[in-house]
Amino acid sequence: MGEKKKSDVARLMEYASRYKYFTYCSWILATISAFIALAPFYFIWRIIKEVVEVRTDFSKATHIVSYGWSAVGMSLLAMVIYIAALMCSHLAAFRVQANLRTAMMQHIMKLPMGYIETEGSGKIRKIVTESSAATETYLAHSLPDKAVSFATPVGLLAMLFIFDWRIGLICLIPAVIAFLMMGGMMGSKMQADMKEYQNALDEMSSEAVEYVRGIPVVKTFGQSVFSFKRFKNAIDKYEKWTIAYTITMRMPMVGFTTAANGVFAALVACGFFFTKNGVENEFLYNILFYIIITPILTVTLMKIAYAGESQMLVKDALNRMDVLLNVEPLKEAKNPKKPNNSGIVIENASFSYDEKKKNALDGVSLEIKPGEHVAFVGPSGGGKTTLTSLITRFWDVKEGSIKIGGVDVKDISSSELMKTVSYVFQDSKLLKMSILENVRMGRPEATDEEVIKALKDAMCWDIIQKLPNGANTIIGSKGTYVSSGEAQRISIARAFLKNAPILILDEATAFADPDNEAKVQKAFENLSKDKTVIMIAHRLSTVVDTDKIYVLCDGKIVESGKHQTLLTQDGIYSHMWNEYQKSVNWKVGKSA
């Protein structure tokens, strides 16, 4: 027999710790406020009844003031109790949201870097922020409202039958029809539709970000949104889905709204049916009460409907968080070892991003000696970045092994591995903090003097001198930014400060202009001394002096050797070199 699935509230309470009692307290207080909130309608009815009874001689209406103040007092009391309920629910909701975000961030810190790169930081950020925010809205507002929504009909039911059970029963008929209509809309299909809606919205939002990033291209070449096919397809998909969904929901929603607001029609029917033989004062008083109280029934049905929608949203949010939290982190070594040197040995390594697809790497074996400089080149998608990602343990190999200094990377602690390898990415990222602190991330315990030296070694001093506050300038503040090439040099300063024995450069000059490229290359020359270096490059001029070049294609090493040796072979590298030379020598000129 399978384990009973926990409810959404039970799952959220696991993150509430002792604050879960505030949630329970909020339900109790909200329920009490719902019952008290019905009392003013009773006193209003008493006022109307007394006025009708003493009509023409209103001096006999001696209880109107006391009834009026009783109604005001009960309204204020219900309001105060409901505010107290919201205070309790918010305390619990904020704690749950904070604990959820903390749990997700702690889990993310243990996840393979490759997973984060593959999924995209934007998508993960959306799960952490927006999905946890949905749980806060649900706990802080929807649950107390749900308690009110279910308590109010109970109180109404009692009051409806106390005055005239016949009218009360007839008034409940539209409410029951509305409730059944709502149940049909809130089933499992609606939950699946809600998930599809969120997926379509996520896809459209993600593609919108890419479109905004491509605005310079759009403006330069006079393109429109139709040129960005994925964005246009995402919009079309969202439009098609929402229109189809709206059409399917049209009749049930019309039926629900009509039935929920049809209580007055039931009262009119009661009036005609029960007064055909004349109007009795008692019936008149009772139907006046129902006229006053039944709008609350309509409002309550609407609240229940919105509470159901909120519950589906939080269920979808929890499912999205579960997808993230269920990703297996990399296993830490039980008895961690330290590498003996900076040599790298890869034996029959295979890896695939998706078990259903072919391997991104297939049986790769190579050896890089300590202090050796090598390059990975080849067509796009050949496996170059994947191979370096496995060396840094952004992913773990499916088969084979990768060793650094004679120790399998799986037996090296993550902190020790990060000390051993520096990785300079193609697209360097700087955080919104001072340049000093951005560089200090390479070695947090470093002094200011050591950071300054790293900046100078990385050829960054010309950048520092032109900034308003030098190395203390905060990137991104008051319009202070640096170019891609300058950001790359600052990221190289991190690598200088870290001073790891193994250096991986992944297309590190891809976005640099000629001036920055020269300075980046000089920085690399300084940084690479006495280190094991792996370069991934498409600009083949940067790899001609390396000790060895490995050509990867379709996840395999198809050629290897020095630059001059590879040129003598009629292979991929010689073809790439010839094409590269043509591109370098190409000039814009006038036709004859």
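Throughout, read-outs are computed from the coordinates displayed, never taken from laboratory work. If you're wondering where the values come from, they're calculated on a predicted model, not measured in any experiment. Methodologically, a virtual Cβ is constructed for each residue, glycine included, from the backbone with ideal geometry; neighbour enumeration extends over all protein chains shown.
A few remarks follow.
- Mean Cα-pair separation over length for segment 1-72, i.e. relative contact order, pairs under 8 Å, 6 or more apart, %: 28
- Contour minus Cα-Cα distance for residue 236 and residue 269 (0.36 nm per residue): 7.1 nm
- When the charge dipole of the chain is built from unit charges on Cβ atoms (+1 for Lys and Arg, -1 for Asp and Glu) and taken about the Cα centre, the candidate among 581, 361, 238 whose Cα reaches farthest toward its positive end is 238.
- Its DSSP H runs of at least 4 residues, each contributing -39,500 (n - 2.57), put the calculated 222 nm mean residue ellipticity of the chain at -20000 deg cm²/dmol, to the nearest 500.
- A Förster radius of 25 Å, combined with the Cβ-Cβ distance separating residue 249 from residue 119, puts the computed FRET efficiency at roughly 0.20.
- Of the residues 533, 480, 409, the one whose Cα sits farthest toward the positive end of the charge dipole of the chain, with +1 on the Cβ of Lys and Arg and -1 on the Cβ of Asp and Glu, is 480.
- Leading residue at positive end of dipole, segment 259-399 (Cβ point charges), from 261, 312, 298: 312
- Taking the Cα centre of the chain as reference, the dipole from Cβ charges on Lys and Arg (+1) and Asp and Glu (-1) amounts to some 320 debye.
- Shape class of segment 340-474 from the alpha-carbon gyration tensor: prolate, with a/c at 1.5 or above and a/b greater than b/c.
- Across the chain, the relative contact order, built from alpha-carbon pairs under 8 Å that are at least six residues apart, equals 13 percent.
- The smallest convex shape that holds all Cα atoms of the chain, its convex hull, gives 264 Å³ per residue.
- Under 19 Å from the residue 431 label point (7 Å along Cα→beta-carbon), backbone N, segment 82-115: 101-114
- Charge sum, other residues only, whose C-beta stays under 11 Å from residue 133's C-beta, Lys/Arg counted +1 and Asp/Glu -1: 0
- Reduced Cα scattering model of segment 1-88, Debye log10 I(q)/I(0), q = 0.14, 0.15, 0.25 Å⁻¹: -0.65, -0.69, -1.09
- Per-pair calculated FRET efficiency, R0 = 51 Å: residue 338 and residue 83 via Cβ, rounded to 0.05: 0.30
- Overall form of segment 344-583 per C-alpha gyration tensor (a/c, 1.5; a/b vs b/c): prolate
- Rounded to the nearest 20 debye, the dipole magnitude of segment 344-583 is 420 debye, with +1 charges on Lys and Arg beta carbons, -1 on Asp and Glu beta carbons, and the Cα centre as origin.
- Across the cross-link table entries 519/562; 453/522; 338/556, which are compared at the Cα atoms, the separations over 20 Å belong to 519/562; 338/556.
- Net charge, residue 545 excluded, C-beta distance under 12 Å - Lys, Arg +1, Asp, Glu -1: 0
- Gain on full stretching of the segment that runs from residue 558 to residue 399 - 0.36 nm per residue minus C-alpha separation: 55.3 nm
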